[in-house]
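Beneath this line is the structure, given in structure tokens, with notes to follow.
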Amino acid sequence: MERRRRGAFELQTKHLLMFGAGVAVAICVAVVVSVGPGGLFSALRLEDPAEMAVSPVETFAIGVRGPIEVSGIRPYYDDDFQTHVRAFVANHSREAQSVALQVLLRVREASSQAPPLATFEVVISEPLPPHGGQEVDVGLAAMGSLQSLPPWDEIRVDIEVLAASGG
């Protein structure tokens, strides 16, 4: 008669089945949570263009003026605690485009006449090539601290052309 050692673990089929079921449940929960309340099939469907125009698509704040897009806006403090912003400027045109813009960050629901929460100027000395882009790093004039800005899905990016300076 063979005795089992005390404390020895014997792997049984029921243990493997319980572990497999736990892994399957964890995967299902992860899929449902990552897809959201609409379920798996809503994440796979294509958006209707009319619906996209109404829904808040710009969860990461994009501003567009003609063929020029300003996106990837990332404000930060430099070593001297001055506010700056990094952003990507893209030219969606087939022709080179000069860029001299003022970017105004407002609360999404604010009117275009409301004072902006923050502004910055984008002036690129050489025209952007067709379908080209460039990252810029410029000063940011903010009405408060960067921490006081609302979440990015509540910010609208307005773009105005800078007036040519007269000489």
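If each residue of separation counts as 0.36 nm, what is the full-extension length gain between A163 and R74 once their alpha-carbon separation is subtracted? Write out the running numbers ahead of the final one.
Values: separation 89, 0.36 × 89 = 32.04 nm, distance 2.51 nm.
The span from A163 to R74 would gain 29.5 nm if fully extended.
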Honestly region 101-167 on the Cα gyration tensor test (a ≥ b ≥ c root eigenvalues; a/c under 1.5 rounded, otherwise a/b vs b/c for prolate or oblate) is just prolate
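Among the trypsin sites (Lys or Arg not before Pro) in region 73-167, which ones are in a DSSP loop with at most 15 other Cβ atoms within 10 Å of the Cβ? Mind listing them? Before the final figure, lay out each step's value.
Details: sites: R86, R94, R106, R108, R156; in loops: R94, R108.
Listed in order of number, the matching sites are R94, R108.
We did not get these values from a lab; they are worked out from the coordinates using the rules stated. Predicted model, so just to flag it, every value in this text is computed and none were measured. FYI the Cβ positions are ideal-geometry reconstructions off the backbone, even for glycines, and counts take in every protein chain you see.
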